[in-house]
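This report refers to the structure that appears directly beneath it.
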Amino acid sequence: VVAIANLIGQNAAGSVYYNGSYSGVPAGSSPVYLPSFVYKYYGWNSLISVQNTGTGPANVTVNFTCLNGATASLSKNNVAKGAAVHFDLETTSPAGLPPGGCGGSAVITSTQPVVVVDNQSAASGLTQSFNTFDSGANKVYVPALYTKYYGWDSSLSIGKIGTGTSSVTVTYSDGGTSTCSLSDSTPSCLLYMPAVHPNTGAYAATIEATGQPVVAIANAANPSNQAQTYGGFSSGAGTVGLPTVMKQYYGWDTAFTCQNIGTVATSLNILYQGYAGNAYNTGTLQPGASVQ
C-alpha cells in the first residue's frame, strides 16, 4: 500500500485555517536529514514530529544549523516504540538560536530508527508539510517551481548530507542557473525564486552537486494564505501512481506536474481510474522540462 496524511485545523478564535499533507514512510532510519526548518523566520515556525519505528525506546536529538551558522539542539529520551515526539519551535526556544529567529537545516539522530515530518506554519494560516530524507544524491530533480505564476512564488531549500563541502548548481528548465556553496558550518542554502530566477511562470529545475550529496525541498505560497511543499526526487520511473486526485470534490481540485528526467524527449500518457482511454498524451516532453 501507499498512504498520505492530510492535516486540517483552525486557531482558537476560528479565524485562521491550517492544512497540510505528507506521505507515509515504509521504514525508519537514523540519522534523518531536514533541509529546512524555521524558527520565528518571517513569522514561520516548524513543528517537527519524530516517530520511533524501532523495537524499543528511543533517545532522539534534533541538531539545528541556521543559515548564518548558529547552532542549537533539542532532545527527548525514552520515546516509546511506535510513539512520536513533537518539537514545536513556536512554543520552544532552542538555546543558541538567534532570538530574532532564523531558517536553516537540521539533522535528527536516534538510538532507534525513526521517521520524521516537518509541519511549518505561519500565523496567517500558511502551512507547509513535508517528509525528511535518510539519504541524498548528487543530482536532484524539482518538477514544479513558480515565479509570479497566478500569484504563486517558490523557494528552494538545499541541504548537504554528511561532512565535507558541496558546490551546487541549479539549472532551470526555462533558462538560467543559480549556485550555492555548502560546508559543515553552513550546510544549507535558501533560493527565493523571484530573487534568483530570470523569468516568470511555472518551470522545473535540476540540482547538481559536486562533492557531498544533497537533499532539497520546494516551497510555494501565494497572497491568499495558501502554501505547499514537496521533496526533490533523486530518480524517476516509467510508471508512477497517484493515490488520490480531486476535481470539484468538496471544493478541492488537484494539479500535478510531471518532469522528464531522462536525456531524450519522452511520450507521457495519463490514465484516470474509471475513465476510458488516455486522458492526456504528449510525445514532446523535453529532457529536464515539466508539464502541469
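The values are calculated or read from the model by the stated rules, or taken from the named source; none is laboratory data. As the structure is a computational prediction, the values presented were derived from the model and not from experiment. Reconstructed Cβ throughout: ideal geometry from the backbone, glycine too, with neighbour counts over all protein chains shown. Each accessible area value is taken on the protein alone, full model and side chains, heavy atoms only, with ligands, DNA and RNA left out. Shrake-Rupley method; radii C 1.70, N 1.55, O 1.52, S 1.80 Å.
Values as computed for the structure displayed
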| item | result |
| --- | --- |
| Residue within region 189-211 that is closer than 30 Å to Gly54 by Cβ and either of a type outside the set (Phe, Trp, Tyr) or in contact with an Asp or Glu (Cβ under 9 Å, 6 or more places away or on another chain) (or both) present | no |
| Selected residue [open to solvent by less than 20 Å² (accessible area, probe 1.4 Å) and within 23 Å of Gly232 (Cα to Cα)] from Thr132, Thr127 | Thr127 |
| Residue in region 207-229 that is within 20 Å of the chain's Cα centre (by Cα), open to solvent by 60 Å² or more (accessible area, probe 1.4 Å), hydrophobic (A, V, I, L, M, F, W, C) and within 24 Å of Asn131 (Cβ to Cβ) present | no |
| Qualifying strands (runs of 3 or more DSSP E) (wholly inside region 145-193; at least 1 residues being closer than 23 Å to Gln259 by Cβ and touching a helix residue (DSSP H, G or I) at 6+ places or on another chain (Cβ under 9 Å)) | 153-160, 166-172, 177-182 |
| Some residue of region 233-253 being under 27 Å from Ala106 (Cβ atoms) and not in a loop (DSSP other than H, G, I, E, B) | yes |
| Where Gly262 falls short, out of the listed (1) touching a Pro at 6+ places or on another chain (Cβ under 7 Å); (2) of a type in the set (Gly, Ala, Ser); (3) open to solvent by 70 Å² or more (accessible area, probe 1.4 Å) | (3) |
| Single unsatisfied condition, Ala106 versus (1) in a loop (DSSP other than H, G, I, E, B); (2) out of contact with any Lys or Arg (no Cβ under 7 Å at 6 or more places or on another chain) | (1) |
| Residue within region 205-220 that is more than 21 Å from Val140 (Cα to Cα) and touching a residue at least 12 places away in the same chain (Cβ under 8 Å) present | no |
| Leading residue by the ranking (most open to solvent (accessible area, probe 1.4 Å)) among those in region 271-292 that are of a type outside the set (Gly, Ala, Ser) and under 22 Å from Gly231 (Cβ atoms) | Gln292 |
| Looking only at region 276-292, and only at residues there that are modelled with pLDDT under 75 and in a loop (DSSP other than H, G, I, E, B), the one that is farthest from Cys258 (Cα to Cα) | Ala276 |
| Residue match in region 49-64 (condition: part of a loop (DSSP other than H, G, I, E, B), in contact (Cβ under 8 Å) with a residue 24 or more places away in the chain and within 21 Å of the chain's Cα centre (by Cα)) | no |
| Candidate set: region 4-20, residues that are touching a strand residue (DSSP E or B) at 6+ places or on another chain (Cβ under 9 Å) and open to solvent by 60 Å² or more (accessible area, probe 1.4 Å); chosen: the one farthest from Cys189 (Cα to Cα) | Gln10 |
| Qualifying residue in region 82-94 (condition: at pLDDT below 95, within 30 Å of Glu208 (Cβ to Cβ) and open to solvent by less than 20 Å² (accessible area, probe 1.4 Å)) | no |
| Subset of region 117-144 [in a strand (DSSP E or B), at pLDDT below 95 and among the hydroxyl-bearing types (Ser, Thr, Tyr)] | Ser121, Thr127, Ser129 |
| Whichever residue in region 230-244 is open to solvent by less than 80 Å² (accessible area, probe 1.4 Å) and within 26 Å of Tyr18 (Cβ to Cβ) and, among such residues, is farthest from the chain's Cα centre (by Cα) | Thr244 |
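Here is a yes/no grid of residues against (1) open to solvent by 20 Å² or more (accessible area, probe 1.4 Å); (2) charged (D, E, K, R):
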{"residue": "Gly136", "(1), (2)": "yes, no"}
{"residue": "Tyr141", "(1), (2)": "yes, no"}
{"residue": "Asp153", "(1), (2)": "yes, yes"}
{"residue": "Leu156", "(1), (2)": "no, no"}
{"residue": "Thr163", "(1), (2)": "yes, no"}
{"residue": "Ser167", "(1), (2)": "yes, no"}
{"residue": "Thr171", "(1), (2)": "yes, no"}
{"residue": "Ser185", "(1), (2)": "yes, no"}
{"residue": "Ala204", "(1), (2)": "no, no"}
